[in-house]
Amino acid sequence: MKRTVIIGSPGAGKSTFARELREKTGLPLFYLDMLWHQADGTHVSKEEFDSRLDRIIRTDRWIIDGNYQRTLELRLKKCDTVFLMDFPLEICLAGAKARIGRRREDLPWVEMEFDGEFREWIMDFPRKQLPQIYQLLEEYQEGREIFIFRSRAEAGEYLNREFSAKK
């Protein structure tokens, strides 16, 4: 595990899992939200985002946290490990709501409200994004380890099982 992609619905706990994985592996962690968003709430151009992402995936070791479906295929081509957080919608909505008002290292500002448009994006995720993700995982399964977690407990058990023996 040297080049890792972590994907799933907002609110699933991707960033929490990514931080724990970083702790256990020592791999550098990059958040796509930090590449795209600026502190003032605006975002960089697609070209700038792509350039930033390209600089990361050209290196030998990384964890990349985030969906950004437009660039998922590129990341899948370069990675050796994929973690998909395929959690129930209620868990993702509660997770996104719970982080409101908290400073996080994966976003350059503090969310002060559970934006309606963002909530809708989460609600549409299982129907609009997830089928495309599974299709890409099927396409790029060869030469990669792919882990699909259906709960936070499964993700935590993986980390405990996989890295407890390596201490």
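The values are calculated or read from the model by the stated rules, or taken from the named source; none is laboratory data. Predicted model only: the values in this text are computed from it and were never measured. Every residue, glycine as well, gets a Cβ built from its backbone with ideal geometry; the counts of neighbours run over all protein chains shown. Surface accessibility is based on the protein's heavy atoms, side chains included, excluding ligands, DNA and RNA. Shrake-Rupley method; radii C 1.70, N 1.55, O 1.52, S 1.80 Å.
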For residues that are among the charged types (D, E, K, R) and crowded, with 18+ Cβ neighbours inside 10 Å, scanning just the range 49-77, find the one that is nearest to Pro126 (Cα to Cα).
Asp65
Which of the residues belonging to the range 1-20 are closer than 21 Å to Ala96 by Cβ and over 12 Å from the mean Cα position of the chain (by Cα)?
Glu20
Tally the residues that are open to solvent by 60 Å² or more (accessible area, probe 1.4 Å) and modelled with pLDDT of 95 or more, restricting the search to the range 32-42.
1
All but one of (1) over 30 Å from Thr42 (Cα atoms); (2) outside any loop (DSSP other than H, G, I, E, B) hold for Glu142; which doesn't?
(2)
For the list (1) open to solvent by less than 100 Å² (accessible area, probe 1.4 Å); (2) more than 20 Å from Ser15 (Cβ to Cβ); (3) assigned to a loop (DSSP other than H, G, I, E, B), I need the number of the one condition that Pro131 fails.
(3)
Scan the range 45-88 for residues that are part of a helix (DSSP H, G or I), acidic (Asp, Glu) and either in contact (Cβ under 8 Å) with a residue 40 or more places away in the chain or touching a strand residue (DSSP E or B) at 6+ places or on another chain (Cβ under 9 Å) (or both) and jot them down.
Glu73
Could you grab me the full set of residues in the range 1-22 that are hydroxyl-bearing (Ser, Thr, Tyr) and either assigned to a loop (DSSP other than H, G, I, E, B) or modelled with pLDDT under 95 (or both)?
Ser9
Considering residues that are more than 12 Å from Gly13 (Cα to Cα) and among the aliphatic types (A, V, I, L, M), the number found within the range 49-108 is 12
Pairs needed: first member in the range 93-121, open to solvent by less than 70 Å² (accessible area, probe 1.4 Å); second member anywhere, assigned to a helix (DSSP H, G or I) and among the hydroxyl-bearing types (Ser, Thr, Tyr); C-beta distance under 6 Å; at least 6 residues apart or different chains.
Asp106/Ser15
